[in-house]
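See below for the structure under consideration.
The values are calculated or read from the model by the stated rules, or taken from the named source; none is laboratory data. As the structure is a prediction and not an experimental result, all values here were calculated from the model. Because the Cβ atoms are built from the backbone with ideal geometry, glycine has one as well, and the counts that use them run over all protein chains shown. Note: accessible area is taken over every heavy atom of the protein model, side chains too, but ligands, DNA and RNA are not part of it. Shrake-Rupley method; radii C 1.70, N 1.55, O 1.52, S 1.80 Å.
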Amino acid sequence: TNPIDNLGEQAVELPGYQHIYSGKVRDLYAPTDPKLDDRLLVVASDRISAFDFVLQTPITDKGKVLTQLSLWWFEVLAEQDPTLRHHVISTDVPAEVSGRAMVVKKLEMYPIECIARGYLTGSGLLEYNDRGTVCDLPLPAGLVDGSKLEPAIFTPSAKAEVGEHDENISYEQMIQRVGEEVSAALQEKTLKLYTAAEEIARARGLILADTKVEYGADPATGEITLGDEVLTPDSSRFWDADDYAPGKSQKSFDKQFVRDWLTSDASGWDKNSGEQPPALPGEVVAKTRDRYVQAYEQLTGRKFTA
Ligand code: ATP
Ligand code: MG
C-alpha cells in the first residue's frame with residue numbers, strides 16, 4: 001500500500017468545518033452547524049499523484065486551477081443539458097481555501113467510477129492487447145495506442161481503497177453492485193457528458209481521450225447527481241490535437257514532465273522499487289504548473305489568476 005497516511009495532517013483547520021476525510025488529492029470537511037449537515041466542503045489540495053504515489057512535492061496553484069476548471073465545466077454542462085443535476089451549491093468558502101474549494105450537496109456516492117472512452121489507451125489498451133476487449137466489451141481487431149473508438153464506450157471501474165488500483169469491471173459486475181436501473185442511467189449520463197465535453201474540447205484544440213466521473217444519489221430527492229470534480233487533467237486525458245497520432249503514446253497534458261523526470265536517471269528512483277518517489281526539482285514543478293494553467297486557459301478561454 002501507498003504510504004500516504006500523513007495526508008490528514010496536511011489538511012488545514014477551517015472555521016465552521018470539521019475535517020472528515022482526505023483522498024489522494026482532496027480534503028473533505030463537514031460543516032459543524034448541524035443545520036448544514038446536508039453539505040460538504042470539498043477542498044482541492046496542490047498534491048499530485050504519479051505511478052499511484054502521492055508525491056511529497058506539491059504543484060503550486062494546482063488545487064485552484066482544478067477547482068476553477070471543474071466549476072466552469074459544471075456550469076457549461078448544466079447550460080447545455082438542463083436535465084443535468086450536479087452537486088455544487090456555492091463557492092462561498094473560508095478564506096484559507098479561497099478559490100480551491102466548493103460547498104457541495106452531500107451525496108450517497110455510487111461505488112463506481114464512471115468512465116467514458118473515445119480513444120483507446122491506458123488500462124483499456126492493456127486489456128485490449130491481452131484479450132481484445134475493454135471491460136469485457138469486444139472491440140474491433142487492429143486497434144493501437146490512441147485509436148479512436150466509434151462510438152465512445154462506457155467502461156466502469158470499481159472504486160478501490162486508498163493506495164489500491166481502481167479495478168475495471170464489466171457492465172454485469174456493475175449491475176451486481178448498483179442494480180440495473182442505476183447502471184443504465186449512469187451509462188447514459190456518462191456517455192452524454194463525454195460527447196458534449198469532447199466536442200467543446202475539440203473546438204479548443206484539445207482531444208478529450210477519456211474521462212472519469214462520479215455520481216451519487218441526492219438523499220433528499222433520490223435524483224442521480226453529478227459529483228466530485230469533472231473534466232480536469234486529473235480525471236481525464238486531454239491530448240494536444242496538433243500532436244495527436246494513433247500508434248504512439250500521446251503526451252499527457254498534465255503529468256508528463258513529472259513522469260518523464262521520475263523515470264529518468266536524474267531522479268535516481270525506480271518505479272518498481274515500491275519506495276516513495278523523491279522530491280521534484282523546482283523546474284519540474286514550474287513546468288507542470290504551466291501545463292495545468294494552460295489546460296485551464298485553453299479550455300475556458302479565461303486567464304488564470306492565482
Ligand atoms: P482518489 O485519489 O483515488 O481519487 P479518492 O477518490 O478517495 O481517491 P479524492 O478524489 O481526493 O479521493 O476525494 C474526493 C472524495 O469525495 C471521493 O471519495 C469522492 O467520491 C467523494 N465525493 C465527491 N463529491 C461528493 C459529494 N457530493 N458527496 C459525498 N462524497 C463526495
Ligand atoms: Mg477521487
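Some points to look at:
- Criterion (over 19 Å from E79 (Cβ atoms), open to solvent by less than 50 Å² (accessible area, probe 1.4 Å) and in a loop (DSSP other than H, G, I, E, B)) met by exactly one of A209, A160, A185: A160
- Every pair of residues 6+ apart whose Cβ atoms lie under 6 Å, when the first sits in region 214-229 and is of a type in the set (A, V, I, L, M) while the second is near ligand 1 (Cβ under 10 Å from one of its atoms): A217/E108; I224/Y215; L226/H86; L226/Y215
- The condition of being more than 16 Å from ligand 2 (Cβ to nearest atom), in contact with a helix residue (DSSP H, G or I) (Cβ under 9 Å, 6 or more places away or on another chain) and either open to solvent by 10 Å² or more (accessible area, probe 1.4 Å) or among the basic types (K, R) (or both) holds for A217.
- Residue match in region 22-40 (condition: away from ligand 1 (no atom under 15 Å from the Cβ) and in contact (Cβ under 8 Å) with a residue 60 or more places away in the chain): no
- Residue list for region 163-182, filter: among the hydroxyl-bearing types (S, T, Y) and either surrounded by 17 or more Cβ atoms within 10 Å (Cβ to Cβ) or assigned to a helix (DSSP H, G or I) (or both): Y171
- Search result, residues across region 246-273 that are of a type in the set (V, I, T) and touching a residue at least 40 places away in the same chain (Cβ under 8 Å): V258
- Segments classed as strands (runs of 3 or more DSSP E), wholly inside region 56-145, with at least 3 members that are in contact (Cβ under 8 Å) with a residue 24 or more places away in the chain and not hydrophobic (A, V, I, L, M, F, W, C): 112-119
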